[in-house]
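Q: I am attaching a structure below and will ask some questions about it afterwards.
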Amino acid sequence: MFKPNPRRFLPVLLPMLLACALGLMTARARADTAPAAPSDISDQVFPRIVKLYGAGGLKNLANYGTGVLVSPDGHILTIWNHLLDTEQITVVLDNGRRLEARFVGGAGEAGLAILKVEVKNAPYFDLTRIPRRGPGSPVLGFSNMFNVAAGDEPVSVIHGVIATVTPLDARRGRYDIPYKGDVYIVDAIMNNPGSAGGALTTLEGELLGLIGKELRDSRSNLWINYAIPMYDLNETVGKLIRGEVIANDRMELPAVVQELDTTPLGLRLVPNVVARTPAYLDAVLPGSAAAEQGLQPDDLIVLINDDLIQSCSEFYKYLRTAKRGDLLRITVRRDRELLTVELPVPDFSR
Amino acid sequence: MTLTIKRVHLQRDNWSEACPSFRQNNFVEMNESSVMKTYTQQAILCVLALGVSLGAASRSSADVPAAVREAEEARVAVIEQASASVVAIFPPNGQGGGSGVLISPSGLTLTNFHVVQGAGPFLKCGLKDGVVYDAVLIGIDPTGDVAIIQLLGRTDFPYSPLGDSDTVRAGDWAFAMGNPFLLAEDFTPTLTYGMVSGVRRYQYPAGTFLEYTDCIQVDTSINPGNSGGPLFNTSGEVIGINGRISVEKRGRVNAGAGYAISINQIKHFRDHLLSGRVVDHATLGATVRSDEFSNVIIDTILPDCDAFYQGLRRGDEVVSFGGRSIGSVNQFKNVLGIYPKGWKVPLTYRREGQRTEIFVRLQGLHSTGELLQFAEGPAAPRPKQDEKNPEDPEQPRPGLPEMLNPHRQPPPIPEEHAHLYEARLGFANYHFNRLKQEELFAQLKELGDFGGAGAKWTIQGTVASQPPFRLVLSEVACLLEVPSEQRLMLLDLERPETHMAGWNSDGLLMAFQQWQQLLTAGAEAFTEVYYVGSEPLDGAGPRVDVLATMQSGRECRWYFDQKQKQFVGWDISVMDHVPECGIRLQGWIREGAYSRPTGWTLLVPGQAPLEFQVSRMSVEKFEPPALP
């Protein structure tokens, strides 16, 4: 039950007031020197942003993305995601030039990656001079969102305000995101398909952060709009560009938790990563009854005792209700063949 | 204490307005007394917060520089003025609704085709003044997703000026107004403010129609119900019509990318839409591809399209189109998408280093049959939005989803407006086409009395200032005489190949035969007559109104200068698969009962223009000989 307590609100109000006052002061300071129009700033930023095309193209898995140039020699900083899981990454520069990119390195819990294209004297963002901004700062976001900017068009620019700077507490699918540093949370809908790797900048066009991949907040389950601040990452990016290995700082997917250890049964299913992961065999224990009866990795379990098994979860659910010593009649599909084996239910140490 | 709590309770709604964060608190599990206690505590907090913020506000208004205050006041004034022109549109069946914008004091209003689709010829519209107006549908552009409707009952409607969408740049501020989620019970438009994210965007067709080319992308919040509403620049000029959004897993609402049809495209189509027709977009008759150097190359070309007659061939590189340099296939499609069928558009191509500029007449994108399905019928029940586009959430929708109208059923259309709608196959509303035809025929009438049907005209003069010519015109036969030869055209309807013989191989005689018919018999001479719209004459000339006539497979397009109110020329297509023949009149001179042309220029694709000077013209009665 929620009971508001005035003492809880005052500490919130005071910083808000301070922020207001500060905001007014900075607004005054800005008004004195007429700032450049966002359209002029956009024209300066566009040449530093590239569109990426790589792996993907499946439903909800875009094969397009964004990167930012971070060196005059064509080093491109982006977010390490599925897009880069291919030999063929195409980079489209602001002027429409299409170039093949080389993967230089990827690391850091922030999940950054560096690509390289062969260009000279490219316009770029200087990572040694990254400003910090706090809540209330107006920002621009530049990205290849929805792949709207096809061909040689410049990417999309959107505007917003930094709502807060806070540690990222998010997940992707069922996994928590390992990056626990601060991120800029923005009030604009910024993290769209293809946006990851885009630039968050100040109204003057200075790089603040890299727009992250689409994530949901761990608790509220809402999609969040955030960018990873670049002010502390210059060294990491420098190492990546130089090709240095960054030990113990590599983004790894967390170890897959098996819902039930099926080793006593002599087999293991593929990781249960989506809601209805098909019940494929990942491994069969050599010498086990399962192996002797002919089960092989990549077989798909379709029936147990004539009950339809449509996912890993259903398989585990079935095993949990099975009694030790019962006979399991497992039917698997391999290519176009069906194969049925009979295994006794072992003792699962639950 | 009791009293305090009561007052607090009564004012609760106001607080939740003032302190939105409190709204989100979950009161569900609370009992009555704890709710009261909470309200009291929140009351104190809110009063504190309000007091503090008021203090901050009063201090700030004194401290804010004059320039900032003036900018804000100017913005408020612009929005105030713009909002008066924003229209909430409701189909009479009470289902759905959208937005629109008034663009003339007479009540012309732009909206999306998909807002009026299936709604019938009459609509109900609400303005900011809270008044509900009747409106009648004029014309639709199903491909470009635009419609023009006319609000009725006033001649002094507030309206917004049209801007120049070619000057819009990414990063410009832009605001949208309309009726998202059909929120406004009193029709006061909702304002959303944002930024232009990109210009000249190309959006692939959704289904077979509805292609958004050369559109403006905004992060301005565009939602269901905004459809058809205006996108304004900061000066309050209409730069686009909002009609589409990118949606994805967040649901069918704003996801940071909305699309507006550029107003410059709509300017091209404006008179076409006012014709009451189902208007069509265009194709070049050729397809393009880009090569390894990002050049745009003609890939295939039809052998009977105007571009081919003008000399364009497979393998030619398109350098510029519509006055814009072309560097990608998308740019080419963007240009193509903004022109109506029938316009002549400049195209520059390069072949073996040689650049050539031609003016190409664009042909229709769809067949008449394809367009017929959109001609207006009675309002039909609309499909549920869930039935459309069930898959592929990443694809932009063919328009914003419709909103269910929560308002009560509007009253029926008054009888007094019934005459403003005329049903006719192929038209959204033939009434407005007939009005334009009458206007143009009145202009022809001012040229004088040409002796009615059954006259023989003799026109004499010189060709290119050299040999003299004599042109004799009658309903059944035409003759052109020059010193070196004499050509006769007998109008044998059974043998159309004779219509293209000799000197007449370009259709010259047939062109003048039709001209005489137009000036003597008028609309009666043709099986079909309609007003097309307007276009720049030959792609670069003055804007002309276009009247189309059909007679036994012969199609003519008659041109009337909009400013000078003068009949200036025509084109004829004598038969399929043959280039057009064009006549451009140099001027008119009054001689007695009628005017005669001072001369004309003969235009045939692939040939140099040929000038004819006229010295005299006579009109006699003529009895055609009885055919055996």
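The values are calculated or read from the model by the stated rules, or taken from the named source; none is laboratory data. For clarity, every value in this text was computed on a predicted model and none was experimentally measured. Methodologically, a virtual Cβ is constructed for each residue, glycine included, from the backbone with ideal geometry; neighbour enumeration extends over all protein chains shown. Accessible surface is based on the protein model in full, side chains and every heavy atom, while ligands, DNA and RNA are left aside. Shrake-Rupley method; radii C 1.70, N 1.55, O 1.52, S 1.80 Å.
Q: Among the numbered criteria (1) more than 14 Å from chain A (Cβ to nearest Cβ); (2) of a type in the set (Ser, Thr, Tyr); (3) open to solvent by less than 10 Å² (accessible area, probe 1.4 Å), which one does residue B:188 miss?
A: The number of the failed condition is (3).
Q: Hey, can you tell me all the residues within region B:148-169 that are open to solvent by less than 10 Å² (accessible area, probe 1.4 Å) and part of a loop (DSSP other than H, G, I, E, B)?
A: Selection gives B:157, B:160, B:163.
Q: Related question: Might you let me know whether region B:564-575 holds any residue that is open to solvent by less than 20 Å² (accessible area, probe 1.4 Å) and in contact with a Pro (Cβ under 6 Å, 6 or more places away or on another chain)?
A: Checking region B:564-575: not a single residue is open to solvent by less than 20 Å² (accessible area, probe 1.4 Å) and in contact with a Pro (Cβ under 6 Å, 6 or more places away or on another chain).
Q: While we're on this one: Looking at this structure, is residue A:152 among the acidic types (Asp, Glu), touching a residue at least 60 places away in the same chain (Cβ under 8 Å) and over 22 Å from residue B:248 (Cβ atoms)?
A: Considered against the rule, which asks whether it is among the acidic types (Asp, Glu), touching a residue at least 60 places away in the same chain (Cβ under 8 Å) and over 22 Å from residue B:248 (Cβ atoms), residue A:152 comes out as yes.
Q: Condition check: outside the structural domain of residue B:339 (by TED's automatic domain parsing) and without any contact (Cβ under 8 Å) to a residue 24 or more places away in the chain. Does residue B:255 satisfy that?
A: yes
Q: Kindly list the number of the only condition in (1) in contact with a strand residue (DSSP E or B) (Cβ under 6 Å, 6 or more places away or on another chain); (2) more than 12 Å from chain B (Cβ to nearest Cβ); (3) not charged (D, E, K, R) that fails for residue A:119.
A: Tallying (1) in contact with a strand residue (DSSP E or B) (Cβ under 6 Å, 6 or more places away or on another chain); (2) more than 12 Å from chain B (Cβ to nearest Cβ); (3) not charged (D, E, K, R), residue A:119 fails exactly one: (1).
Q: Further question on the same structure: Select, from B:172, B:141, B:145, the only residue that is within 14 Å of chain A (Cβ to nearest Cβ) and surrounded by 18 or more Cβ atoms within 10 Å (Cβ to Cβ).
A: Among B:172, B:141, B:145, only B:172 is within 14 Å of chain A (Cβ to nearest Cβ) and surrounded by 18 or more Cβ atoms within 10 Å (Cβ to Cβ).
Per-residue answers, yes or no, for (1) of a type in the set (D, E, K, R); (2) buried (at least 23 other Cβ atoms within 10 Å of the Cβ); (3) within 14 Å of another protein chain (Cβ to nearest Cβ):
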{"site": "A:171", "(1), (2), (3)": "yes, no, no"}
{"site": "A:177", "(1), (2), (3)": "no, no, no"}
{"site": "A:207", "(1), (2), (3)": "no, yes, no"}
{"site": "A:223", "(1), (2), (3)": "no, no, yes"}
{"site": "A:230", "(1), (2), (3)": "no, yes, no"}
{"site": "A:234", "(1), (2), (3)": "no, no, no"}
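Q: Would you mind stating whether residue B:81 is within 19 Å of residue B:186 (Cα to Cα), away from chain A (no Cβ under 14 Å) and either open to solvent by 10 Å² or more (accessible area, probe 1.4 Å) or in contact (Cβ under 8 Å) with a residue 40 or more places away in the chain (or both)?
A: yes
Q: Now for a different question. Report yes if residue B:220 is modelled with pLDDT of 95 or more and open to solvent by less than 10 Å² (accessible area, probe 1.4 Å), otherwise no.
A: Judged against the criteria, residue B:220 is a match.
Q: Does residue A:94 meet the test of being open to solvent by 20 Å² or more (accessible area, probe 1.4 Å), assigned by TED's automatic domain parsing to the domain that holds residue A:212, touching a helix residue (DSSP H, G or I) at 6+ places or on another chain (Cβ under 9 Å) and in contact (Cβ under 8 Å) with a residue 24 or more places away in the chain?
A: Considered against the rule, which asks whether it is open to solvent by 20 Å² or more (accessible area, probe 1.4 Å), assigned by TED's automatic domain parsing to the domain that holds residue A:212, touching a helix residue (DSSP H, G or I) at 6+ places or on another chain (Cβ under 9 Å) and in contact (Cβ under 8 Å) with a residue 24 or more places away in the chain, residue A:94 comes out as yes.
Q: Turning to a different aspect of this structure: If only one of A:315, A:348 is part of a loop (DSSP other than H, G, I, E, B), open to solvent by less than 60 Å² (accessible area, probe 1.4 Å) and touching a Leu at 6+ places or on another chain (Cβ under 9 Å), which one is it?
A: After applying the criteria, what remains is A:348.
Q: Evaluate region A:100-116: report whether one residue or more is among the hydrophobic types (A, V, I, L, M, F, W, C), more than 14 Å from every other protein chain (Cβ to nearest Cβ), over 18 Å from residue A:243 (Cα atoms) and open to solvent by less than 20 Å² (accessible area, probe 1.4 Å).
A: There is no residue in region A:100-116 that is among the hydrophobic types (A, V, I, L, M, F, W, C), more than 14 Å from every other protein chain (Cβ to nearest Cβ), over 18 Å from residue A:243 (Cα atoms) and open to solvent by less than 20 Å² (accessible area, probe 1.4 Å).
Q: So, one more: Among the listed residues A:137, A:156, which satisfies the condition of being modelled with pLDDT of 95 or more, more than 7 Å from chain B (Cβ to nearest Cβ) and open to solvent by less than 30 Å² (accessible area, probe 1.4 Å)?
A: A:137
Q: Further question: Being among the polar types (S, T, N, Q) and touching a Ser or Thr at 6+ places or on another chain (Cβ under 6 Å) is the filter; apply it to region B:449-487 and report the residue that is farthest from residue B:523 (Cα to Cα).
A: My answer is B:460.
Q: Taking the stated definitions as given, is residue B:585 among the hydrophobic types (A, V, I, L, M, F, W, C), in a strand (DSSP E or B) and over 23 Å from residue B:461 (Cβ atoms)?
A: no
Q: Exactly one of (1) modelled with pLDDT under 90; (2) open to solvent by less than 70 Å² (accessible area, probe 1.4 Å); (3) within 27 Å of residue B:323 (Cβ to Cβ) is unmet by residue B:553. Its number?
A: Failed condition: (3).
Q: Related question: Take the residues of region B:398-450 that are open to solvent by less than 40 Å² (accessible area, probe 1.4 Å), of a type in the set (A, V, I, L, M) and modelled with pLDDT of 85 or more: which is nearest to the chain's Cα centre (by Cα)?
A: Filtering first and then ranking leaves B:428.
Q: Among what's in region A:37-71 and is surrounded by fewer than 14 Cβ atoms within 10 Å (Cβ to Cβ) and not in a helix (DSSP H, G or I), pick the residue that is modelled with the highest pLDDT.
A: A:61
Q: If you check residue B:591 against the conditions, is it open to solvent by 20 Å² or more (accessible area, probe 1.4 Å) and either under 29 Å from the mean Cα position of the chain (by Cα) or closer than 20 Å to residue B:451 by Cβ (or both)?
A: When the stated conditions are applied, residue B:591 passes them.
Q: Further question on the same structure: Residues A:163, A:150: which one is within 14 Å of chain B (Cβ to nearest Cβ), closer than 22 Å to residue B:255 by Cβ and modelled with pLDDT under 90?
A: A:150
Yes/no matrix, rows are residues, columns are (1) under 21 Å from residue B:521 (Cβ atoms); (2) assigned by TED's automatic domain parsing to the domain that holds residue B:308; (3) in contact (Cβ under 8 Å) with a residue 12 or more places away in the chain; (4) in contact with a Leu (Cβ under 9 Å, 6 or more places away or on another chain):
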{"site": "B:535", "(1), (2), (3), (4)": "no, no, yes, no"}
{"site": "B:548", "(1), (2), (3), (4)": "yes, no, yes, no"}
{"site": "B:553", "(1), (2), (3), (4)": "yes, no, yes, no"}
{"site": "B:557", "(1), (2), (3), (4)": "yes, no, yes, yes"}
{"site": "B:563", "(1), (2), (3), (4)": "no, no, yes, no"}
{"site": "B:570", "(1), (2), (3), (4)": "yes, no, yes, yes"}
{"site": "B:579", "(1), (2), (3), (4)": "no, no, yes, no"}
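Q: Residue by residue through region B:228-277, note down the ones that are open to solvent by less than 10 Å² (accessible area, probe 1.4 Å), within 14 Å of chain A (Cβ to nearest Cβ) and not in a strand (DSSP E or B).
A: Selection gives B:246, B:247, B:255, B:256, B:257.
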